[in-house]
Amino acid sequence: MFRKAKNYFLGAKKEFKSITWPNWLVTRQLTAVVIGISLGFAFFLGVFDYVFSYLLQFFVV
């Protein structure tokens with residue numbers, strides 16, 4: 001059982017060495033994209049929530 005766990009972690013270590021990590025510039029650019037998409041989606045959901053709440057109040061009250 002411990003041999004399987006050891007082989008698993010040795011394989012994982014080997015795989016981590018073969019990963020090509022992005023440089024600092026690419027990391028910053030992709031982070032900006034993720035933040036931009038998140039803010040855009042949050043804005044969209046906020047507008048949708050506002051409109052839906054207004055319509056719900058209009059029809060219920």
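The values are calculated or read from the model by the stated rules, or taken from the named source; none is laboratory data. The shown structure was predicted, so the numbers you read here are calculated from the model rather than taken from an experiment. Using ideal geometry, Cβ is built from the backbone for each residue, glycine included, and neighbour counts are taken over all protein chains shown.
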Scan the range 35-51 and give yes if some residue there is without any contact (Cβ under 8 Å) to a residue 12 or more places away in the chain and either among the basic types (Lys, Arg) or in contact with a strand residue (DSSP E or B) (Cβ under 8 Å, 6 or more places away or on another chain) (or both), otherwise no.
-> no
Is there a residue in the range 16-29 that is part of a loop (DSSP other than H, G, I, E, B), surrounded by 10 or more Cβ atoms within 10 Å (Cβ to Cβ) and at pLDDT below 95?
-> yes
